[in-house]
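Novice: Here it is, the structure, as structure tokens.
The values are calculated or read from the model by the stated rules, or taken from the named source; none is laboratory data. All values reported here derive from a predicted model rather than from experimental measurement. All Cβ positions, glycine included, derive from the backbone under ideal geometry; neighbour counts span all protein chains shown. We work out accessible area using only protein heavy atoms, side chains counted, and drop any ligands, DNA or RNA first. Shrake-Rupley method; radii C 1.70, N 1.55, O 1.52, S 1.80 Å.
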Amino acid sequence: MTLPGVLLLDAAGPEAGLLAAAAAARGHQVHAATTAMAYAGYGPELKGLLAGRIVTDFAQPDRPLDEIAAYARRHGIGAVLTVNEYLTELTAYLCAELGLPGNDPGRARAARDKAAMAEAFTAAGVSTPHTVLARDDAGLRAALADPRVGFPCVIKPLSGAGSAGVTVVSGPAGAAAAADAARAAVGMYDSGGDPRVLVQAFAAGTEYSVESLIQDGTTTHLAVTRKRVTGGPKRVETGHSLPVSLPPAVEAAVHREVEAAIRAAGIRHGASHTEVIVGADGRCVVIEIGARLAAGQIGVLIQHALGIDVWAALLDVALARPATLAPTARGYATVRFVTSPRAGRLTSVCGFPKTGSGVPFVRWRAVIGGLVHVPGANGHRLGSFVVTGPDADEVEERADALLRRVRIQVEPILENGPGQVRPASTSAIAP
Ligand SMILES: Nc1ncnc2c1ncn2[C@@H]1O[C@H](COP(=O)(O)OP(=O)(O)OP(=O)(O)O)[C@@H](O)[C@H]1O
Ligand SMILES: [Mg+2]
């Protein structure tokens, strides 16, 4: 019997690679819909396991849907998945078009565009920070004067990801530069030039994400993840750890909000990654939701800490088969992201861990001789490694010790040299 083909909407990145490998190992023919540029970056292993590919242009509004649907029909595709934040809406439309298990296309924008998300959350009664869409500088001034926003507030792009262009603004003086940064953070397939930004009330508390799998509208929460995030105006993730056990009443409140967010975003079949902030009083607000598995190696953490094969589970959901989600282990896992202490040219790295006992995953992605940045977005990570074991404290200590051993040499580059040019401010905000 021929198994249905599996189509990934872009297969770049470690999560997509693991998903592709899992599908191929189960005997499915794996296909990728990709762009010419992304395909050029696929490694030989990934290229070797693909049975076929369709090269398209995800920046076009309708073309990819028609082209990919036609390709899927020609190649007996029985499951369409993505781990790419920017392609979750297209995936929902494709699944609907092909009659495959997928999310509600009519609501899928809410998991992609943070203005639509804020609207959908508010309409569904999800606790979320008050959010104002500022269409121009006058709108920005009005948003900053809105008593439901106040200071500090957060200025962010509508459709960004990876914390790019997100700034915590402590007073009116920083707002213009923050709005510029949000406008400059162009999404993967956007052409830029959108003057709109979001201004959001700041939620104080501890950040978590909830990793869930939804099958036929039934949600299973796989884990709560504690996020390590830098303080200051640029909140960049420095690591994740799971599973976190919250006090039962807090966990119940978090799950309630997350489930409401999942429904609001029309997530019916597949993974969700919901970011929440829990205040000192135990109240939970939802910062955002993604209709996909978490990035940043959280899938690898779930696999090693809890023994859940998330890749197999994602495939099962996409193929309308019952997924196996019960944990088979009771361990703990954490990932640390290596970043540069300063901007410049990376000249050397030593002490980066290798895989071995308790270190199941390492990934180095920076190039010696290349430009590196003070972390301002997740894209500035140089590498990452995962540590796992039975005891949370020991795992955290070991991860910190391994991180301290990493030595990075960065040579300064001239002010206004390549990569150092600062765009002029295009906003003027009166205090
Ligand atoms: N309303 C808020 N209150 C407090 N902190 C916030 C708020 N919004 C964003 N942040 C901080 O900024 C970070 C990035 O924001 P957000 O998650 O909205 O951006 P993103 O680009 O989707 O990031 P990522 O893809 O890394 O999740 C959050 O993880 C959090 O630390
Ligand atoms: Mg986020």
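Novice: Enumerate the strands (runs of 3 or more DSSP E) found wholly within the range 301-408, keeping only those where 2 or more residues are open to solvent by less than 10 Å² (accessible area, probe 1.4 Å) and under 27 Å from His273 (Cβ atoms).
Specialist: Details: elements: 332-338, 344-350, 361-364, 383-389.
Filter on the range 301-408 gives 332-338, 383-389.
Novice: Write out, first by first residue and then by second, each pair whose Cβ atoms fall under 7 Å of each other, whose residues are 6+ apart or on separate chains, and whose first residue, in the range 287-300, is open to solvent by less than 10 Å² (accessible area, probe 1.4 Å) while the second is near ligand 1 (Cβ under 10 Å from one of its atoms) and of a type in the set (Ser, Thr, Tyr).
Specialist: These pairs meet every condition: Ala294/Ser209.
Novice: Can you say whether Ala261 is touching a helix residue (DSSP H, G or I) at 6+ places or on another chain (Cβ under 7 Å), within 14 Å of ligand 2 (Cβ to nearest atom) and in a loop (DSSP other than H, G, I, E, B), as far as the supplied structure shows? Talk me through it step by step, then tell me what you get.
Specialist: Details: touching a helix residue (DSSP H, G or I) at 6+ places or on another chain (Cβ under 7 Å): yes; within 14 Å of ligand 2 (Cβ to nearest atom): yes; in a loop (DSSP other than H, G, I, E, B): no.
For Ala261, the condition - touching a helix residue (DSSP H, G or I) at 6+ places or on another chain (Cβ under 7 Å), within 14 Å of ligand 2 (Cβ to nearest atom) and in a loop (DSSP other than H, G, I, E, B) - is not met.
Novice: Does Val250 satisfy being surrounded by fewer than 20 Cβ atoms within 10 Å (Cβ to Cβ), away from ligand 2 (no atom under 13 Å from the Cβ) and in a helix (DSSP H, G or I)? Before you say what the answer is, go through the steps one by one.
Specialist: On the way: surrounded by fewer than 20 Cβ atoms within 10 Å (Cβ to Cβ): yes; away from ligand 2 (no atom under 13 Å from the Cβ): yes; in a helix (DSSP H, G or I): yes.
Answer is yes for this residue.
Novice: Going through Ala223, Ala184 one at a time, which residue ends up being outside the structural domain of Leu9 (by TED's automatic domain parsing), away from ligand 1 (no atom under 12 Å from the Cβ), among the hydrophobic types (A, V, I, L, M, F, W, C) and touching a strand residue (DSSP E or B) at 6+ places or on another chain (Cβ under 8 Å)?
Specialist: Exactly one of Ala223, Ala184 is outside the structural domain of Leu9 (by TED's automatic domain parsing), away from ligand 1 (no atom under 12 Å from the Cβ), among the hydrophobic types (A, V, I, L, M, F, W, C) and touching a strand residue (DSSP E or B) at 6+ places or on another chain (Cβ under 8 Å), namely Ala223.
Novice: Within the range 147-155, does at least one residue satisfy the condition of being closer than 30 Å to Gly239 by Cα, touching a Lys or Arg at 6+ places or on another chain (Cβ under 9 Å), aliphatic (A, V, I, L, M) and modelled with pLDDT of 95 or more?
Specialist: Restricting attention to the range 147-155, the residues satisfying the condition of being closer than 30 Å to Gly239 by Cα are 149-155.
Next, from what is left, pick out any that are touching a Lys or Arg at 6+ places or on another chain (Cβ under 9 Å): 154.
Then keep just the ones that are aliphatic (A, V, I, L, M); that gives 154.
This time we only want the ones that are modelled with pLDDT of 95 or more, so: 154.
Yes, the range 147-155 contains a residue that is closer than 30 Å to Gly239 by Cα, touching a Lys or Arg at 6+ places or on another chain (Cβ under 9 Å), aliphatic (A, V, I, L, M) and modelled with pLDDT of 95 or more.
Novice: Give the residue, chosen from Ala142, Ala138, Ala164, that is within 16 Å of ligand 2 (Cβ to nearest atom) and either closer than 30 Å to Asp57 by Cα or not assigned by TED's automatic domain parsing to the domain that holds Ile262 (or both). Walk me through how you get there before you give the answer.
Specialist: Details: Ala142 fails: within 16 Å of ligand 2 (Cβ to nearest atom); Ala138 fails: within 16 Å of ligand 2 (Cβ to nearest atom).
Step by step, each of Ala142, Ala138, Ala164 is checked, and only Ala164 is within 16 Å of ligand 2 (Cβ to nearest atom) and either closer than 30 Å to Asp57 by Cα or not assigned by TED's automatic domain parsing to the domain that holds Ile262 (or both).
Novice: Still on this structure, please answer the following. Provide a single number: the residues in the range 30-84 that are surrounded by 12 or more Cβ atoms within 10 Å (Cβ to Cβ) and within 20 Å of Ala320 (Cβ to Cβ).
Specialist: Residues flagged as surrounded by 12 or more Cβ atoms within 10 Å (Cβ to Cβ) and within 20 Å of Ala320 (Cβ to Cβ) within the range 30-84 amount to 14.
Novice: Looking only at the range 255-272, which residues are within 23 Å of Leu158 (Cα to Cα) and surrounded by fewer than 22 Cβ atoms within 10 Å (Cβ to Cβ)?
Specialist: Glu259, Ala260, Arg263, Gly266
Novice: Being within 22 Å of Val310 (Cα to Cα) and of a type in the set (A, V, I, L, M, F, W, C) narrows it down to one of Ala23, Ala40, Ala118, Ala70, so name that one.
Specialist: Numbers: Ala40 fails: within 22 Å of Val310 (Cα to Cα); Ala118 fails: within 22 Å of Val310 (Cα to Cα); Ala70 fails: within 22 Å of Val310 (Cα to Cα).
Ala23 is the lone residue from the list that is within 22 Å of Val310 (Cα to Cα) and of a type in the set (A, V, I, L, M, F, W, C).
Novice: How many of the residues in the range 152-181 are away from ligand 1 (no atom under 12 Å from the Cβ), assigned to a loop (DSSP other than H, G, I, E, B) and hydrophobic (A, V, I, L, M, F, W, C)?
Specialist: Number of matching residues: 0.
Novice: Of the residues Val169, Val149, Val126, Val199, which single one is among the β-branched types (Val, Ile, Thr), within 16 Å of ligand 2 (Cβ to nearest atom) and surrounded by 18 or more Cβ atoms within 10 Å (Cβ to Cβ)?
Specialist: Working: Val169 fails: within 16 Å of ligand 2 (Cβ to nearest atom); Val149 fails: within 16 Å of ligand 2 (Cβ to nearest atom); Val199 fails: within 16 Å of ligand 2 (Cβ to nearest atom).
On inspection, the qualifying residue turns out to be Val126.
Novice: Here's another thing I want to ask about it. Exactly one condition in (1) in a loop (DSSP other than H, G, I, E, B); (2) in contact with a helix residue (DSSP H, G or I) (Cβ under 7 Å, 6 or more places away or on another chain); (3) over 23 Å from Val335 (Cα atoms) is not met by Gly192; state its number.
Specialist: (2)
Novice: Can you spot a residue in the range 221-229 that is within 15 Å of ligand 2 (Cβ to nearest atom), surrounded by fewer than 23 Cβ atoms within 10 Å (Cβ to Cβ), over 20 Å from Thr128 (Cα atoms) and in contact (Cβ under 8 Å) with a residue 12 or more places away in the chain?
Specialist: Within the range 221-229, one or more residues are within 15 Å of ligand 2 (Cβ to nearest atom), surrounded by fewer than 23 Cβ atoms within 10 Å (Cβ to Cβ), over 20 Å from Thr128 (Cα atoms) and in contact (Cβ under 8 Å) with a residue 12 or more places away in the chain.
Novice: Would you mention how many residues in the range 273-285 are surrounded by fewer than 24 Cβ atoms within 10 Å (Cβ to Cβ) and among the β-branched types (Val, Ile, Thr)?
Specialist: Total satisfying the criteria: 3.
Novice: In the range 280-294, which residue that is touching a strand residue (DSSP E or B) at 6+ places or on another chain (Cβ under 7 Å) and assigned to a loop (DSSP other than H, G, I, E, B) is nearest to ligand 1 (Cβ to nearest atom)? Break it down stepwise before answering.
Specialist: Step one: filter the range 280-294 for residues touching a strand residue (DSSP E or B) at 6+ places or on another chain (Cβ under 7 Å), giving 284-294.
Now drop any that are not assigned to a loop (DSSP other than H, G, I, E, B), which leaves 291-294.
Working: Ala291: 13, Arg292: 11, Leu293: 13, Ala294: 9 Å.
Ranking the candidates gives Ala294 first.
Novice: All but one of (1) open to solvent by 10 Å² or more (accessible area, probe 1.4 Å); (2) under 30 Å from Val149 (Cα atoms); (3) in contact (Cβ under 8 Å) with a residue 24 or more places away in the chain hold for Arg109; which doesn't?
Specialist: Only one criterion is unmet by Arg109, namely (3).
Novice: Turning to a different aspect of this structure: Only one of Ile277, Ile267 is within 26 Å of Asn103 (Cα to Cα), of a type outside the set (Gly, Ala, Ser) and either within 13 Å of ligand 1 (Cβ to nearest atom) or outside the structural domain of Arg321 (by TED's automatic domain parsing) (or both). Can you tell me which?
Specialist: Values: Ile267 fails: either within 13 Å of ligand 1 (Cβ to nearest atom) or outside the structural domain of Arg321 (by TED's automatic domain parsing) (or both).
It is Ile277.
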